[in-house]
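Peer 1: Here it is, the structure, as structure tokens.
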Amino acid sequence: MATAPYGLRLLVGAATFAVEETIRLPKTILMYPMTLISTAAHVVMRFQQNVAELVIKGDATLEQIFPPKDEQPEWATFDEDLPDDDDEPSGVESRAEGRFALYSAPDVGDPVARPAAQPAKQSVSAPAVAEELDYEELTLAQLRARLQSLDLDELEDLLAYEEATKGRAPFQTLLANRITRATVK
């Protein structure tokens, strides 16, 4: 077979390519919007990366020219600034109180445990609903699951019992919110 001239082969190749692309056009035209969007997103993200790199270089240069001051604002207090005394300073809650009281019950031998309940609080008898639900052993989630079945009087009894005994804020809030919703209905 004789070889055709270069120009003729180029024209036939270009024509074949044009026909093939025309045949594929209905399939690929559906992909063009997505291709354009992804290309645009790539360009935008690359631009943001370049801007961020320039800002970092600018920060480093400014830091060399104007070194930062290590001054601490007078209102800021950090753990290392506190005294290393073994005793807690007055007015500071122990770790077993406050927000940590949600997750731990004080042990009898725990030196950080809450002070013993006042005698008046210990003499409160549990209402019938508390004994029926085994209230003393319930977690907050378990109590939340059982609240739907209680009426307004039982909820009020449980809230009064909680306030008189343990006084756990999350339990009190849960009961008070449920009482509010029950009275609105």
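Peer 1: From the square roots a ≥ b ≥ c of the eigenvalues of the alpha-carbon gyration tensor of the range 125-185, which class results: rounded (a/c under 1.5), prolate (a/b over b/c), or oblate?
Peer 2: Working: a/c = 1.37, a/b = 1.31, b/c = 1.04.
Because its axes are fairly even, with a/c under 1.5, the range 125-185 counts as rounded.
Peer 1: Hey, another quick one. Quickly work out the Q48-to-Q172 label distance, labels modelled 7 Å from Cα along the C-beta direction, and quote it in nm with one decimal.
Peer 2: The modelled label-to-label distance comes out at 4.6 nm.
Peer 1: If r is the Cβ-Cβ distance from A182 to A128 and R0 is 25 Å, what FRET efficiency results, to the nearest 0.05? Please report the intermediate quantities before stating the final value.
Peer 2: Working: r = 18 Å, r/R0 = 0.73.
Between A182 and A128 the formula returns 0.85.
Peer 1: Just grab the label-to-label distance for K57 and V12, each label 7 Å out from Cα along the Cβ direction, in nm (one decimal).
Peer 2: 5.4 nm
Peer 1: Another question about this same structure. Quick one: Debye curve from the alpha-carbon atoms of the range 8-65 only, equal weights, vacuum; give me log10 I(q)/I(0) at q = 0.19, 0.22, 0.26, 0.31 Å⁻¹ to two decimals.
Peer 2: Here log10 of I(q) over I(0) equals -0.80, -0.87, -0.95, -1.07.
Where a number appears in this text, it was derived from the coordinates with a stated rule and is not lab data. Computed from a prediction, not measured in an experiment: that's the story for all the values here. Glycine gets a Cβ as well: all are built from the backbone with ideal geometry, and neighbour counts include every protein chain shown.
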